[in-house]
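Trainee: Here you go, one structure.
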Amino acid sequence: MANATSERGSREHLLRETPNRPSAINNNKSQPEFPASRFTFMSLVLWFDQSNCGTALLSWSVFFLLVVIVPMISHFLLVCSDCDFHHRRPYDAVVQLSLSIFAGISFVSLSIWSRKFGMRRFLFLDKLWDVSDKVRIEHEAEIQRSLKRLMIFVLPSLTLEAIYRIWWYISGFNQIPYIINPVLSHVVAFTLQLSSWLYRNTIFIVVCILYQITCHLQTLRLEDFARCFASEIADVRSALGEHQKIRRNLRIVSHRFRRFILLSLVLVTATQFMALLTTTRASIAVNIYEVGELALCSLSLVTGVFICLRSATKITHKAQSVTSLAAKWNVCATVDSFDHLDGETPTGSMIESQISPCGINAMDTSDDEEGEGDDDLDNTKIHPIYANTISYQKRQALVTYLENNKAGITVYGFLVDRSWLHTIFVNIP
C-alpha cells in the first residue's frame, strides 16, 4: 500500500506543471494576458439567453410560438385539401415534424449549456490565455467566419422557401383558406411561416456551428502541439502536460455534445427513411411543387449532421496523426544522434549534414504529392538538431504514452473516426 501511494504521488508529481517550467511549445507569452475579445458571432446566442427569468421566459415563448404553435396552425388550418395538385402539401407533416424535432433538441441543448456553463466557458474562451498567440488569433478569426458560414447555410434555404411560399399564396389565392380578410390573412400566415422556417433551421445550424468552433479550437491546439516536434523539446513533462490538457478538453467536448450528436444522427436517419417511404408510395404523385419543400428540409438537416461529423472526424484524425509524428521524430532523433562526435559540440556544417536525411525526404514527399489538407501533421518536417538534448528513454516514453493514449472525439465510448463512419454508412445491410 505504501509503495502504491508513493508511486501514485510520484506520478502526480511528474504530471504536475511548475510555473517556471518552459513549455514544450514555443510560446512568447510570459504572463497570461488575454484581453476580452469582441466576437460578433456571440450576438447570435442572445436569442437563447437563459441568464435570468425574464430572458428565459421570452426565449421559451418565442420557441413555443415558432416551433410548436405556428407549424401546427400552418399544417391543420392551411392543409388545402380542396386545392389543385400543385397546391396540395402531402409531405407537410413530415417537413414540419422534422424541423420542429431538431429545433427542439437544439434549443433544449443550447439552453442547458448556456445555463450550466455560460457561452464563454462553453466555447473554451476563458481558456485562451493558456494558448499561443497564433492559436488565439486563428480561433478569433474562425469565430468571425462562423457568422458568414451560418449565412451561407441558411440564406439559400430561406430564399427558396420564400419564393415557394410567395408563389403558393399568389397562384392559389382563391383556393387557400383564410380568416376574414384574405390578403391580410395570407400576409400574416406567410410572415409567421417564414419566421418559423428561419428560426428552426437557424437554431439547428447554430448548434452545429458551435460544435465546429469548439472542435476547431482543439484542432488548433493539436497543430500547435505538433510543432514542438519540429523544434527543441526542452522538457518532456511539459509536452506530456500539454497533450493531457488537449485530451481532457476533447473528453469534455465529447461529453457535452454526445447526446446531441447521437440524437441528430439517429433522427436524421429516421426522418430520411420516413421521407423516402412517403414519397415512394404509389398513391402519391411526386413533382417539384410537392417535394420541393421536403427536399429543402432534408438538405438542411443533412448539412447540419455533416458539419458535426466532419468536425469530429477531422479532429480525431489530427489527434491520431500526432502519434505517427512523434514516432517519426523519435526515429529521426535516434538515427541522427551524433554518435560519431564523442561528446564534442556540433558545428553548423555538421548539424546541416546530419539533418539532411529527414528534411530532404519530407520536402521531396510534399513536392511530389499534394495532399488534401487532413494529413499536414504527417508531412511535418523533422529537424532533429537537438538529438542529444533528450535521451532516448524519454523520447521512447513519450511515444509510448501517445500510442496508448490516443485522443479524439467519442460518442458514449465509440471513437468518431473514419472507420466508425464507414461502419455506420457503408456496412448497413
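Each reported figure results from applying straightforward, stated rules to the coordinates on display, with no laboratory input. Please read all numbers here as calculations on a predicted model, not as lab measurements. Positions of Cβ are generated from backbone atoms using ideal geometry, with glycine treated the same way; all protein chains shown enter the neighbour counts.
Trainee: Could you work out how much longer the chain between HIS75 and TRP60 gets when fully extended? Use 0.36 nm per residue separation minus the Cα distance between them, nm to one decimal. Show your work: numbers first, answer last.
Mentor: On the way: separation 15, 0.36 × 15 = 5.40 nm, distance 2.16 nm.
Contour length minus the Cα-Cα distance gives 3.2 nm.
Trainee: Starting from the 7 Å offset along Cα-to-Cβ, what nm value, one decimal, do you get for the label separation of PHE306 and GLU403?
Mentor: With each label point 7 Å from Cα toward Cβ, the separation is 3.9 nm.
Trainee: What shape does the stretch 147-228 take by its C-alpha gyration tensor, where a ≥ b ≥ c are the square roots of the eigenvalues and a/c under 1.5 counts as rounded, a/b above b/c as prolate, and the rest as oblate? Could you put the intermediate results ahead of the total?
Mentor: Details: a/c = 6.73, a/b = 4.09, b/c = 1.64.
Cα axes put the stretch 147-228 in the prolate bin.
Trainee: Between ASP126 and GLN244, what length comes free when the chain is fully extended (0.36 nm per residue of separation minus the Cα-Cα distance, one decimal in nm)?
Mentor: Additional length available on full extension: 40.7 nm.
Trainee: Suppose the chain between LEU160 and ARG145 were pulled fully straight at 0.36 nm per residue; how much longer would it get relative to their current alpha carbon spacing? Show your work: numbers first, answer last.
Mentor: On the way: separation 15, 0.36 × 15 = 5.40 nm, distance 2.36 nm.
Value of the extension gain: 3.0 nm.
Trainee: Check the straight Cα-Cα distances from LYS245 and name the lysines below 17 Å, setting aside those fewer than 8 residues away within the same chain.
Mentor: Counting by Cα, and skipping residues close in sequence, LYS245 has these lysines nearby: LYS127, LYS318, LYS406.
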